[in-house]
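The values are calculated or read from the model by the stated rules, or taken from the named source; none is laboratory data. Source: prediction; values computed, not measured. Note that each Cβ is placed from the backbone with ideal geometry, even for glycine, and that neighbours are counted across all protein chains shown. Accessible surface is based on the protein model in full, side chains and every heavy atom, while ligands, DNA and RNA are left aside. Shrake-Rupley method; radii C 1.70, N 1.55, O 1.52, S 1.80 Å.
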Amino acid sequence: MPVDGDLDLWRRAARISAEARELGARLVVPGASRRAVAEAIEESIRARGAEPAFPANLSRNQEAAHYTPSPDDDARFVAGDLVKVDVGAHIDGRIADTATTVEVGATHRYDHLIRAVQEAVRAGISRVHAGVPVEEISAAIEEAIHRRGVKPVANLTGHTIERYLLHAGTSIPNVRGGPDRTLQEGEIVAIEPFATNGAGAIENGPFGHIVRFRGAPTGELAPLFQRFRTLPFTARWVDDPATAAALRRHRRQLQTYPVFVESGGGYVAQAEHTVLVTPTGAEVLTEL
Ligand code: CO
């Protein structure tokens, strides 16, 4: 739970992540290189004095989350792609996590999915205050998504955040039936609804390009652990060929994230803000 002087660092990391999210949303246009957009997002975070808290996620269409481009990704966005721009920044472990969804080329086929998550994130945030049951937030999100005639993704959740811990232990589900727990003053929470026109659940797809250390490594990977700690990272960020080779040799020390794909083949939209729980409500840290 952040203490006073600390809170400014959380706010600064959040503002930087929100600006990077908006930059990403502007860059996702027909013909844009997926890798170039991810790199531009991550560079904008570094240029402002923070570090990416995880690789820029640019999951498309039926992909719900955890797609980041590989070092040699040459895919380009096409009109009609439904892209989740999910970004995070951290300053010495104070993390913000935020996302928006863009329909590339303004083809307007998925406006209802995008509106569903925008309204759901607002509805969820409107319930936040110290002492609120998590279930009340989940119910507000679930209802807002159903109101648009689509389904919440039942097995993806918002989450509490702590220093260097992106998913700190408490989940905020997007449907009822989550943890029997209340939010506490000073907690940092990501409210993160996903909506779909598919089955309403995700499953593990192919392994992607996001990894994290399972524990603290010794030897040649120790310097990389000093840099990334327990936060997710990607091979695109490891420029030095010797270190890249060491990473491949020791891949058992890494957890590789699968891309999450919608079980029924539906398209998925996402909206996300990081908020601070206050006695009377939520301070939305990732709002510009
Ligand atoms: Co999140």
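Scan region 1-53 for residues that are of a type in the set (V, I, T) and open to solvent by 30 Å² or more (accessible area, probe 1.4 Å) and jot them down.
V3, V29
Suppose we filter region 168-180 for residues that are more than 12 Å from the ligand (Cβ to nearest atom) and touching a helix residue (DSSP H, G or I) at 6+ places or on another chain (Cβ under 8 Å); how many remain?
8
Yes/no per residue for (1) part of a strand (DSSP E or B); (2) of a type in the set (S, T, N, Q); (3) under 30 Å from E185 (Cβ atoms); (4) open to solvent by less than 30 Å² (accessible area, probe 1.4 Å):
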residue	(1), (2), (3), (4)
T243	no, yes, no, no
Y257	yes, no, no, no
V261	yes, no, no, no
L276	yes, no, yes, yes
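For region 52-142, which strands (runs of 3 or more DSSP E) that fit wholly inside it have 2 or more residues that are of a type outside the set (A, V, I, L, M) and touching a residue at least 40 places away in the same chain (Cβ under 8 Å)?
57-60, 82-91, 94-103
Run G266 past the list (1) in contact with a helix residue (DSSP H, G or I) (Cβ under 7 Å, 6 or more places away or on another chain); (2) at pLDDT 95 or above; (3) open to solvent by less than 10 Å² (accessible area, probe 1.4 Å) and report the number of the one that doesn't hold.
Of everything listed in (1) in contact with a helix residue (DSSP H, G or I) (Cβ under 7 Å, 6 or more places away or on another chain); (2) at pLDDT 95 or above; (3) open to solvent by less than 10 Å² (accessible area, probe 1.4 Å), G266 misses just condition (1).
Condition first: touching a Lys or Arg at 6+ places or on another chain (Cβ under 6 Å), polar (S, T, N, Q) and away from the ligand (no atom under 14 Å from the Cβ). Can you find one or more residues in region 191-201 that meet it?
Yes, because at least one residue in region 191-201 is touching a Lys or Arg at 6+ places or on another chain (Cβ under 6 Å), polar (S, T, N, Q) and away from the ligand (no atom under 14 Å from the Cβ).
Using the structure shown, decide if G205 is part of a strand (DSSP E or B), away from the ligand (no atom under 16 Å from the Cβ) and among the small types (G, A, S).
Answer is yes for this residue.
Here are some residues: A56, A79, A64. Which one is closer than 13 Å to V268 by Cβ, modelled with pLDDT of 95 or more and of a type in the set (G, A, S)? Talk me through it step by step, then tell me what you get.
Details: A56 fails: closer than 13 Å to V268 by Cβ; A79 fails: closer than 13 Å to V268 by Cβ.
On inspection, the qualifying residue turns out to be A64.
In region 120-139, which residues are within 13 Å of the ligand (Cβ to nearest atom) and touching a helix residue (DSSP H, G or I) at 6+ places or on another chain (Cβ under 7 Å)?
G124
What about G178, is it small (G, A, S) and open to solvent by 10 Å² or more (accessible area, probe 1.4 Å)?
yes
Could you say which residue among R115, R76, R48, R94 is at negative phi and out of contact with any helix residue (DSSP H, G or I) (no Cβ under 9 Å at 6 or more places or on another chain)?
Exactly one of R115, R76, R48, R94 is at negative phi and out of contact with any helix residue (DSSP H, G or I) (no Cβ under 9 Å at 6 or more places or on another chain), namely R115.
Note down all Cβ pairs under 7 Å where the first residue falls in region 162-175 and is within 18 Å of F233 (Cβ to Cβ) and assigned to a loop (DSSP other than H, G, I, E, B), the second is within 13 Å of the ligand (Cβ to nearest atom) and of a type in the set (A, V, I, L, M), and they're at least six residues apart or on different chains.
Going by the 7 Å Cβ cut-off, the qualifying pairs are Y164/L231; L166/A53; L166/I95; L166/L231.
Assess whether T218 counts as being farther than 25 Å from A20 by Cβ and modelled with pLDDT under 95.
yes
Find the residue count for region 140-167, including only residues that are more than 21 Å from G281 (Cα to Cα) and either within 12 Å of the ligand (Cβ to nearest atom) or among the hydrophobic types (A, V, I, L, M, F, W, C) (or both).
The number of residues fulfilling the criteria is 8.
Taking the condition at pLDDT below 95, surrounded by 15 or more Cβ atoms within 10 Å (Cβ to Cβ) and either within 24 Å of L285 (Cα to Cα) or more than 16 Å from the ligand (Cβ to nearest atom) (or both), does L183 pass?
Here the answer is no, as L183 does not meet what is asked.
From the list V268, V261, pick out the single residue that is under 17 Å from the mean Cα position of the chain (by Cα), more than 16 Å from the ligand (Cβ to nearest atom) and touching a residue at least 60 places away in the same chain (Cβ under 8 Å).
V261
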